[in-house]
Every structure is written in structure tokens, then in C-alpha cells.
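Notes follow once the structure below has been shown.
The values are calculated or read from the model by the stated rules, or taken from the named source; none is laboratory data. Quantities reported herein were computed from a predicted structural model and do not represent experimental measurements. Here the Cβ positions follow ideal geometry from the backbone for every residue, glycine too, while neighbour counts run over all protein chains shown. Heads up: the accessible areas ignore ligands, DNA and RNA and are worked out on the full protein's heavy atoms, side chains in. Shrake-Rupley method; radii C 1.70, N 1.55, O 1.52, S 1.80 Å.
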Amino acid sequence: MAVPSSNSPSLLTTDAAERAEVLPEAARPEVSLRRRIPWRVVLVGALVVTLMAVVPFVATEYVVRLLIVVMMFAVMAQGWSIIGGYAGYQSFGHGAFFGVGAYGTAIAMTTLHLPFFPALIIGTLAATLLALLMSPVMRLQGHYFVVVSFAVSEVARELVLNGGSFTGASHGISLPIAPGTQAEVNTFFFYLMLGLLVASLVGTYLLVHSTFGYALVAIRENEATAEESGIATVRVKLIALLLSAAMTAAPGGLYAYWMSFISPGDVFSLFRSVTVVVGAWIGGLGTVLGPTVGTAILLIVGEEVWGRFREASDGVLGILVVIAVLLLPRGIVPRQGEGWRLHPRALIHRLKGPRR
Amino acid sequence: MDVTFVAQIVLGGLLIGGVYALVASGFSLIWGVLNIVNLAHGGFMMLGAYVTYLAFDRLGIDPFVSIAISAPLMFAFGYITYRFVLHLVSRRATLSTVTLTYGLLLIMVNGAEIFLGTESKSVQASYAGASVEVGGVLVPLVRVMMFAFAVVLLGAIALFMSRTHPGRAITATRMDATAAQLCGVNADRIYFMTFALAAATAGATGSLFAVAYAFSPHIALWMLPKMFVVVVLAGLGNFRYLLAAGVILGLAETGSTALIGGSFQVAVSYAVLVLILMIRPQGLGGRAFLK
């Protein structure tokens with residue numbers, strides 16, 4: 001649509017033809033917020049999903065269970081990435097949302113005797129409520145948000161631990177067992193988790209390639225400027241936090257029903273929160289696929305390490321984390337515009353990373 | 001509630017507050033000057049405690065004297081850790097450094113578990129149980145000594161920061177690194193020294209802690225929330241209120257233990273932290289860190 005201009009043709013118009021009159025090169029279509037569907041990615045994605053769908057029928061129970069856990073963390077990482085990777089608010093306490101989702105679902109099923117899916121919704125809503133309560137914290141600068149998010153997670157765990165019979169305290173909560181044999185249950189949750197993962201990936205993609213997504217990135221790059229440009233930073237950050245909490249809580253509810261038992265130390269653990277952060281970071285902050293890729297790698301490597309080193313597994317994981325931070329400043333999946341160029345200087349440049 | 005009971009609680013909180021303040025001083029220094037949230041700081045404290053334990057157990061060295069061993073040892077260890085690992089990422093974003101220090105923490109705790117054992121250790125000096133009764137209140141002398149040493153060390157560091165040339169260089173770098181460099185300060189050397197100094201104070205704190213309490217590798221994790229609370233409460237980069245902040249935390253802990261039971265203690269530390277950050281993020285004396 002052409003913006004009405006003055007008599008002579010001007011570059012400052014949305015009409016490509018008019019711009020071409022002034023300068024032929026300017027006739028290229030402007031970058032728009034119209035989503036250009038990445039067909040190659042969709043195709044590959046469909047292939048991967050189809051392959052995954054076959055897994056429960058060909059792989060061992062161990063693999064199926066491992067993949068459920070990997071997908072669970074991947075969904076959590078995707079959720080984290082909305083405020084962590086895109087808005088730049090890196091929370092070290094996302095385990096809180098997972099835990100609240102798990103406990104919300106568990107309590108809804110045991111105390112309120114609700115069936116699974118309504119209970120899951122309640123769990124997700126509970127986490128969203130927590131995010132709402134936390135929202136004043138987003139006023140604070142980066143470091144402080146890291147600290148407070150961590151603190152909130154710890155407080156949540158302690159509250160649950162001391163919650164008496166309502167929350168099961170240190171004994172945890174036993175949920176009604178899902179119907180079917182062990183294999184059927186695992187298969188059921190495998191598909192549920194897979195569906196959730198695909199939904200989260202598609203959701204992240206849509207979110208990022210929208211005005212909202214641009215607003216998030218603007219906030220990350222320079223919040224003051226974003227505010228000056230007219231972005232309602234407070235509202236945008238709030239919505240991002242709520243979405244992030246919901247996306248992290250859903251796998252929590254699934255986990256609770258799948259395991260049939262949850263305890264505070266398990267679902268509110270710092271390990272969970274940090275795995276999500278490190279995984280998303282290794283995969284590449286600010287990318288759609290990054291969190292999934294990074295978390296998958298981190299968990300599978302971690303599983304291998306635990307299998308081989310047992311007692312030293314924490315230490316070996318620590319060494320791997322240190323090496324990862326030193327060598328991969330940007331993570332694995334490149335952002336738009338970057339790429340893995342094989343020229344040595346480009347590689348060194350990529351390894352060195354950006355200056356702060 | 002009778003006076004002696006309250007006095008006992010107050011005394012307990014006060015005495016541990018000194019330790020909290022001392023370990024937080026190093027943490028605050030690293031955060032303020034280097035802009036690194038050093039999750040591994042508790043690790044240096046833990047190692048200092050083990051040095052004291054080993055010195056006492058194998059060589060019979062008095063724990064308070066062993067500070068002269070643990071502090072320089074941790075200074076060296078901190079210097080090496082910073083120079084060859086952390087400095088490489090010092091210019092990167094916060095998340096990189098936090099993740100890196102988390103990795104270091106894992107290595108330290110797990111390493112200690114493997115090489116030093118997971119059981120609790122304690123240092124039982126000959127004067128361990130000595131106490132004096134003052135007006136019905138039991139005053140554990142060892143803890144008083146611990147507190148006294150902590151206060152002296154804190155004072156020494158504060159004096160170092162304000163009166164000596166290297167100390168003032170550090171303070172200047174904290175205020176404005178570029179301006180400090182323009183005045184001839186070698187920023188890189190300052191960074192090395194600050195981290196090493198902070199590690200040394202953590203080591204000293206560990207030694208003091210070992211005198212009065214049992215410990216295991218897990219104190220590295222256990223101290224983390226306390227350090228955060230004290231630093232935030234005092235105000236980032238601010239030395240003046242550290243002791244007060246440490247004591248406040250100590251009192252909050254002992255007070256809550258007496259009132260609502262010990263199981264809430266950890267939650268109380270964190271809840272205090274969240275409250276402070278919501279209500280007054282600059283703490284008692286720091287700059288406001290609102291966006």
C-alpha cells in the first residue's frame with residue numbers, strides 16, 4: 001500500500017514501484033513481518049517427528065524413557081528461552097515453574113480428584129500465577145534478576161517442604177497411576193511430550209517472528225531505547241514471563257503424572273533450573289532450535305558421563321561446562337545472519353565471541 | 001520469653017554474622033570490581049576449612065594459626081583460577097561467567113568429595129568447648145574468637161581498600177575501570193589481585209568456620225544463599241554495611257529458628273533476599289540497580 005506522498009517520488013514510501021523511480025535498487029520488496037515459512041526446516045522437522053513417532057515401537061524402554069526426559073527438558077528450555085534468550089532476562093530459577101506445575105497438577109488430582117488434563121491446566125495456571133507475583137522483579141537489572149529467580153525457586157521448595165499434609169512435605173505426593181502397562185504408559189507420555197515439544201517449537205517460532213518477538217529482542221539489546229521507541233516494555237516483559245512460566249509448567253504436570261510420584265527435592269532442584277539454562281545456552285541463545293538442541297546434547301552427554309563416572313559425574317559435568325563456556329561463546333545453533341563459516345579466521349572469530 | 005533466652009539467640013546470630021560478612025566481602029568484591037557472580041566462592045571457603053582441618057589433624061597446628069596457611073594458599077589458588085580460566089571470559093556477558101563459575105563449583109565440590117571424603121569433619125581444638133556464663137547466658141568462647149577474628153580481618157580489608165595504594169587502585173577500578181586506567185592503573189593486574197584477595201578471604205573464613213562448626217564439601221553450596229543475601233542487603237560493592245548485613249542475617253536465622261523451628265532456616269534466608277530486592281534493591285548503602 002502506498003503511503004500518500006508529495007508530488008515528486010520519494011524513497012520514504014512503502015510503495016516499491018515509487019521507490020524504484022528514485023533508485024532502481026530500492027525496488028526490492030521491503031523486509032516485512034509477514035512470516036516467510038522456512039520450508040526446508042519444516043520438511044526436516046516433519047521428517048524428524050515422523051522418525052520420533054516410530055521410536056516407541058523399535059527402541060528399548062530405557063531409550064523411550066530417556067527421550068521423554070530429554071523432550072521434557074527441551075520444552076522447559078524453549079519456555080526459558082522466551083525470557084532468557086529473547087528478552088535477555090536469564091532466570092536461574094525456572095525449576096520453580098516446573099515444580100509448581102508438577103505440584104499443582106498433583107494436588108489437583110489427589111485433593112480435588114480431577115482427571116489429568118484439567119489438573120494439568122490448573123498446574124499451568126498456578127505457575128502463571130507465580131510468574132505474576134514475581135513480575136515486579138523484572139524491574140531489576142540482569143544480575144539481580146538472576147539472583148531473585150534463584151531465590152524464588154528455593155523459597156518455593158522450602159514452602160512445599162514445610163507445607164504439611166497439603167503439599168505432602170518431605171514425603172512428596174503420590175498421584176493416581178496412569179492406566180495401562182508400563183510400556184503403554186511410557187508410549188502415551190512419549191507422544192504427549194513429543195506433541196508438547198512440537199507445539200513449543202512452533203509456538204516459539206511464531207512468537208519470535210511477530211511484532212511481540214521483535215519487541216523482546218529490542219528489550220534485550222537496549223531496554224531504554226526500546227522504551228523510547230514506544231514499546232510497552234513492562235507489559236511485554238510481563239506477557240513473556242507468563243508465557244515462559246506456562247511453557248515450563250506444562251512438562252512439570254506431565255512429569256508428575258508419568259512418574260506417579262513427586263517430591264520437593266526432585267522437582268524444585270537447582271539442577272533442573274541450571275540444566276535448562278546451560279542447555280539453552282549451549283544450543284544458542286536467541287534461536288528457535290537452540291534450546292532443544294543444546295538441552296538434548298547436554299542431557300545425553302550427561303547420561304553417558306553418569307554411566308561411566310558415577311561418583312565423579314558432577315565434576316566431569318563441571319569440566320564439560322567450563323570447556324563449553326570457553327569454546328562456545330554463542331552456542332551451537334547460529335542466529336540469523338551468522339553461520340558456521342569454515343574459514344579459519346571466521347572460526348576463531350566465532351570462538352572468541354562478542355565483546356560484552 | 002525471658003531475657004536470657006532472647007540474649008542467647010541474639011548472641012548466636014551476632015557471632016555467626018561475622019563469618020557471613022567476611023565470606024560475603026570477597027563475593028562482593030568480585031561482583032563489584034570484576035562484575036562476575038562467583039558461584040564458586042563458597043568453594044574457596046570450603047577448601048580453606050579443609051586446609052585447617054588437615055593442618056590440625058596431620059600437623060597439629062592450631063586452627064586460628066592455620067589461617068596463615070589457608071589464606072595464602074587460597075590466594076594462589078584463586079589467582080590461578082582467575083588468570084587461566086575466568087579471565088578469558090571476563091569480557092563476556094553475565095550468563096557466561098555465571099555458568100562458568102557454576103562449572104567450577106561443581107568441580108570443586110565433587111573433587112573435594114572424591115579426594116577428601118563426603119563425611120563431615122570437625123576440628124576439635126583443646127579449647128573447643130570452653131564457655132563462660134555471663135548473667136545466665138552461655139557464651140561460647142570459641143565462637144567469640146571466631147567473631148573477633150572475622151571483624152579484625154574485615155577491618156583489615158577495609159583499611160587495605162582505603163589506605164594502601166593497591167587497595168585504592170582496586171576501589172578506583174570498581175568505581176570506573178576506564179577512568180582508573182587513565183590514571184595509570186593496570187586493570188588486568190587489578191583483576192587478578194582482586195580475585196586472589198577475595199579467594200584468600202574466603203579461605204580465611206573457611207578456617208574460622210572450621211574452628212566452631214562441622215563441615216563437609218557441601219558448605220560450598222550452603223553458603224551461596226547467605227552470601228547473596230548479605231551482599232544484596234549491604235549494597236553491592238559497599239564495605240561499610242557488610243558486617244551489619246551479616247549480623248542481620250544471622251539474627252534473622254537464629255530468631256526464626258527459635259520462633260518457627262529450624263527447618264525454615266533456609267527458606268528464611270531466601271525469603272529475606274527476595275523481600276529486600278523487591279522493597280529496597282540497593283540495600284543499606286549501595287547504588288540503586290533499577291533499570
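Mean silhouette area of the range A:121-227, derived from the convex hull of its C-alpha atoms and averaged over all directions, reads 9.7 nm². Only the Cβ atoms of Lys and Arg (+1) and of Asp and Glu (-1) were treated as charged; on that basis the dipole of the protein assembly as shown about its Cα centre amounts to roughly 1440 debye.
Axis angle, to the nearest 10 degrees, between helix B:219-234 and the longest C-alpha principal axis of chain B: 70 degrees.
On a 1.4 Å probe surface of the protein chains, which of B:189, B:143 comes out largest in accessible area, and what is the full order? Each step should come with its number before you reach the end.
On the way: B:189 160, B:143 80 Å².
Ranked from most to least accessible, the order is B:189, B:143.
Computed from Cα positions, the angle between helix A:95-110 and the longest principal axis of chain A comes to roughly 50 degrees. Across the range A:181-267, Cα-Cα pairs more than 20 Å apart make up 51 percent of the total. Here the Debye sum runs over all C-alpha atoms of the protein assembly as shown as equal scatterers in vacuum, and log10 of I(q)/I(0) at q = 0.05, 0.09 Å⁻¹ comes out as -0.26, -0.81. Remark on residue A:332: its backbone amide H falls under 5 Å from those of A:283, A:284, a criterion applied only to residues 5 or more positions apart or on other chains, H modelled at 1.01 Å from N. Legend: translational diffusion of the range A:153-216 by Stokes-Einstein, Rh = Kirkwood radius over C-alpha pairs, 37 °C, 0.692 mPa s; D = 212 µm²/s. Residues B:31, A:258, A:39, sorted by accessible area with the largest first, give A:39, A:258, B:31 [1.4 Å probe; ligands and nucleic acids excluded].
Taking square-rooted eigenvalues a ≥ b ≥ c of the alpha carbon gyration tensor, is the range A:42-183 rounded, prolate or oblate, where a/c under 1.5 means rounded and, failing that, a/b exceeding b/c means prolate? Since a/c reaches 1.5 but b/c is at least a/b, the shape of the range A:42-183 is classed as oblate.
How far is helix B:94-116 tilted off the main Cα axis of chain B, in degrees rounded to 10, range 0 to 90? Helix B:94-116 sits roughly 50 degrees off the main axis of chain B. Computed FRET efficiency, Cβ-Cβ of residue A:306 and residue A:50, R0 30 Å: what is it to the nearest 0.05? Computed FRET efficiency for residue A:306 and residue A:50 comes out at 0.50.
Taking the Cβ-Cβ separation of residue B:87 and residue A:266 as r and a Förster radius of 41 Å, what is the calculated FRET efficiency to the nearest 0.05? Walk me through the numbers on the way to the answer.
Details: r = 37 Å, r/R0 = 0.91.
Computed FRET efficiency for residue B:87 and residue A:266: 0.65.
Using a 10 angstrom cutoff on alpha carbons, build the Gaussian network for chain A and name the most mobile of A:97, A:57, A:189. Residue with maximal mean-square fluctuation among A:97, A:57, A:189: A:57. Normalised Debye scattering of chain B at q = 0.07 Å⁻¹ gives log10 I(q)/I(0) of -0.25, counting only Cα atoms as equal scatterers and leaving out solvent. At the residue level, residue B:2 shows approximately 90 square angstrom of accessible surface with a 1.4 angstrom probe and all protein chains present. Result for chain A in a Gaussian network model with C-alpha springs under 10 Å: among A:311, A:221, A:184, the largest mean-square fluctuation is at A:311. When the surface is traced with a 1.4 Å probe over the full set of protein chains, residue A:61 keeps roughly 70 Å² accessible. Under the simplified labelling scheme, the residue A:162-residue A:202 pair shows an inter-label distance of 4.5 nm, with each label point 7 Å from Cα along Cα→Cβ.
Among B:57, B:188, the sequence by solvent-accessible area, most first, with a 1.4 Å probe is B:57, B:188.
Once both labels are positioned 7 Å from their Cα atoms along Cα-to-Cβ, the gap between residue B:68 and residue A:133 label points is 5.3 nm. With contacts taken as Cα pairs under 8 Å and at least 6 residues apart, chain A reaches a relative contact order of 24 percent. Once all protein chains are placed together, residue B:61 keeps about 40 Å² accessible to a 1.4 angstrom probe.
For the range B:1-113, what does the alpha-carbon gyration tensor say about shape, rounded, prolate or oblate, given a ≥ b ≥ c as the root eigenvalues, a/c under 1.5 as rounded, and a/b over b/c as prolate?
Working: a/c = 2.49, a/b = 1.41, b/c = 1.76.
Since a/c reaches 1.5 but b/c is at least a/b, the shape of the range B:1-113 is classed as oblate.
Could you grab the relative contact order for chain B? Cα pairs under 8 Å, six or more apart, rounded to a whole percent. Before the final figure, lay out each step's value.
Numbers: 488 pairs, mean separation 106.8, N = 291.
Value for chain B: 37 percent.
Build a GNM of chain A with springs between Cα atoms under 10 Å apart, and of A:299, A:51, A:130 the one that fluctuates most is A:51.
Mind checking B:106-113 for the average number of partner chain beta-carbons within 10 Å of each residue's beta-carbon? Walk me through the intermediate numbers first.
Details: counts 11, 9, 3, 3, 10, 4, 1, 4.
That works out to 6 on average.
Sorting the Cα pairs of chain A by distance into bins of 20 Å, from 0 upward, gives 27, 54, 16, 3 percent per bin.
If the chain between residue B:151 and residue B:222 were fully stretched, how many nm would it gain, using 0.36 nm times the residue separation less the Cα-Cα distance?
In short, 23.4 nm is gained.
With contacts taken as Cα pairs under 8 Å at a separation of at least 6 residues, the range A:48-122 carries a relative contact order of 16 percent. Calculated mean residue ellipticity at 222 nm for chain A: -22000 deg cm²/dmol, from DSSP H runs with n ≥ 4 weighted as -39500 (n - 2.57), summed, divided by the residue count and rounded to 500. Each Lys and Arg contributes +1 and each Asp and Glu -1, all at the Cβ; summed about the Cα centre of the range B:3-127, the dipole is approximately 420 debye. Full extension of the chain segment joining residue B:130 with residue B:189 gains 16.8 nm, where the gain is 0.36 nm per residue of separation less the Cα-Cα distance. Between residue A:188 and residue A:111, the contour length at 0.36 nm per residue exceeds the alpha carbon distance by 25.3 nm. Across peptide A:309-318, the average count of Cβ atoms from other chains found within 10 Å of a residue's Cβ is 5.
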